[in-house]
Amino acid sequence: TLWIMGLKEEFNEAKAWMAQNMPHRIEAIGAGVSLFETTIRTLGGLLSAFDLSREPVFLDLAVMLARKINTRVSDAGVAPYSFGGRSGGKGCHSLAESGTIQLEMRYLAHVTGDPSFSAKVDRFYDEVQRQASVDGLWPNCYAAGQGKINFGADGDSFYEYLVKVWFQGGQAEPRLWQMFDDAAAGFEKHLLRSGPDGLRYIGQGVWRGSGSGVTYVEEMEHLTCFVPGWLALGAMTEAGKPSREHRMKLAADIAYTCWQMYERQPTGISAERVKHLRMDLSKTDTREYIQRPEAMEGWWYMSELTGDPKYREWGWKTFLNFEKWLWVKNGYASLKDVSVPRKQYMDRMESFWTAETLKYTFLLQDPDNQIKLDRYVFNTEAHPLSVLKYAPRATT
């Protein structure tokens, strides 16, 4: 984010600190530390910093960290939630845990010339395809053969990476495209509904296993607002041409729903989720805003891929509300209840606020930026990596 915003002095200060402090911190990673979050936030950040600056210190640190991560990945490509091997909150290995590592490891394999970085994690696609699914969708606990299906927590970034890994590698792997295409169709069939207000809501599904249908649950997480960009990125490729018009309409409809999640609150800021196909939060028990980036992310993709200025306007209005409601003396706080126009703060500023939310906000307002979607693919923490044909190659 510092590099993209042109804050090179601060970037160099951070580089010097990392060169001095990160090696022993990587060595000291404990069993309870999240492998998933370390991969997307730290490894992804190091790789992106290297890709943008070509400073070798970032690649050296990434290699050190990736080797540690890879020792925890099974031969089948299954990654635990934590470095100690623990599963996540659901007590199972989730789609997101094992399916949100391929983008980073494939990039590292390319730039180092060492295919061992990606060899194991790529096998997860074989592993997941051996499990029961319904119309291109798997339960979050994929090995259970039944359960919750969603594009929010525990599932989202697995589906996100299908099209991104395919795009990163030059759009040359039909299996990944087919998995994305099937998932997009299954998503529309089972997880998308129109509310009485005319908006298109992303819900959750409960699947009882092979031979049964998917029960729709009326709960839309802010996390799912990445979907417009996901659909549009696939639709605007040559492979996406047959379904382009339809999926771009879906993407635009969902992006508008995400805008209404902001626009219809007194603070102009979205809650963590909405329920019962309505924007009224009276039936919603999670009314906080914890600095989520997904709406801004979706609007940026739609702006880049369609050129429609409304997405930039939505982003600007939202940014002004961030400044009004979240800014405090030492940064930005989270908001306890977006339906109440009072500054009731939660004393937390997430790392994804600067890595994702502010980055997408900046890019949305800077049409002359050099981070373009024909050359870069973003990991799920908004760290841009060059598409492999533009990425640096290992030197011997």
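The values are calculated or read from the model by the stated rules, or taken from the named source; none is laboratory data. What you are looking at is a predicted structure, and each value in this text was computed from that prediction instead of being measured. For neighbour counting, all protein chains shown are included, and Cβ atoms are generated from backbone atoms with ideal geometry for every residue, glycine included. With ligands, DNA and RNA removed, areas are computed over all heavy atoms of the protein, side chains included. Shrake-Rupley method; radii C 1.70, N 1.55, O 1.52, S 1.80 Å.
For segment 154-201, the tally of residues that are open to solvent by 40 Å² or more (accessible area, probe 1.4 Å), not acidic (Asp, Glu) and not in a helix (DSSP H, G or I) stands at 8. Of all residues in segment 202-213, one or more are polar (S, T, N, Q), farther than 25 Å from THR357 by Cα, touching a Gly at 6+ places or on another chain (Cβ under 9 Å) and in a loop (DSSP other than H, G, I, E, B). Please work out if THR286 is among the hydroxyl-bearing types (Ser, Thr, Tyr), in contact (Cβ under 8 Å) with a residue 12 or more places away in the chain, outside any helix (DSSP H, G or I) and open to solvent by 10 Å² or more (accessible area, probe 1.4 Å). Judged against the criteria, THR286 is a match. Restricting the first member to segment 147-162 and to residues that are of a type in the set (A, V, I, L, M), and the second to residues that are at pLDDT 95 or above and part of a strand (DSSP E or B), the beta-carbon pairs closer than 8 Å and six or more apart or on different chains are ILE149/VAL134; ILE149/LEU137; ILE149/GLN204; ILE149/GLY205; ILE149/VAL206; ILE149/TRP207; ILE149/VAL214; ALA153/GLU221.
Residues checked against (1) at pLDDT 95 or above; (2) touching a strand residue (DSSP E or B) at 6+ places or on another chain (Cβ under 8 Å); (3) under 22 Å from THR357 (Cα atoms):
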position	(1), (2), (3)
LEU7	yes, no, yes
PHE11	yes, no, yes
MET18	yes, no, no
GLY30	yes, no, no
SER48	yes, yes, yes
PRO56	yes, no, no
LEU61	yes, no, no
SER87	no, no, no
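Among the residues of segment 112-138, those identified as of a type in the set (Gly, Ala, Ser), open to solvent by less than 40 Å² (accessible area, probe 1.4 Å) and more than 18 Å from ARG67 (Cα to Cα) are ALA132, GLY136. Here THR380 meets each of (1) among the hydroxyl-bearing types (Ser, Thr, Tyr); (2) within 19 Å of THR42 (Cα to Cα); (3) assigned to a helix (DSSP H, G or I) with one exception, condition (3).
Scanning segment 108-141 for residues being polar (S, T, N, Q) and touching a helix residue (DSSP H, G or I) at 6+ places or on another chain (Cβ under 7 Å) gives a total of 4.
A single member of THR357, THR284 is of a type in the set (Ser, Thr, Tyr) and either modelled with pLDDT of 95 or more or closer than 18 Å to ILE4 by Cα (or both), and it is THR357. For LYS389, indicate whether it is exposed (fewer than 15 other Cβ atoms within 10 Å of the Cβ) and closer than 28 Å to ARG244 by Cβ. Answer is yes for this residue. Only residues that are in contact (Cβ under 8 Å) with a residue 40 or more places away in the chain, of a type outside the set (Gly, Ala, Ser), in a loop (DSSP other than H, G, I, E, B) and open to solvent by 10 Å² or more (accessible area, probe 1.4 Å) were counted in segment 317-357, giving 7.
Pairs are defined by a Cβ separation below 6 Å, a sequence spacing of at least 6 or placement on different chains, a first member in segment 358-385 that is surrounded by fewer than 17 Cβ atoms within 10 Å (Cβ to Cβ), and a second member that is part of a helix (DSSP H, G or I); the pairs so defined are ASN369/LEU363; ARG375/TYR390.
What number of residues within segment 219-239 are in contact with a strand residue (DSSP E or B) (Cβ under 7 Å, 6 or more places away or on another chain) and open to solvent by 30 Å² or more (accessible area, probe 1.4 Å)? Residues meeting the conditions: 1.
Of all residues in segment 207-218, those satisfying the criterion of being open to solvent by 40 Å² or more (accessible area, probe 1.4 Å) and modelled with pLDDT of 95 or more are ARG208, THR215, TYR216, VAL217, GLU218. Counting only helices (runs of 4 or more DSSP H) that fall entirely inside segment 1-95 and contain at least 2 residues that are touching a residue at least 60 places away in the same chain (Cβ under 8 Å) and either more than 30 Å from GLN370 (Cα to Cα) or open to solvent by 40 Å² or more (accessible area, probe 1.4 Å) (or both), no element qualifies.
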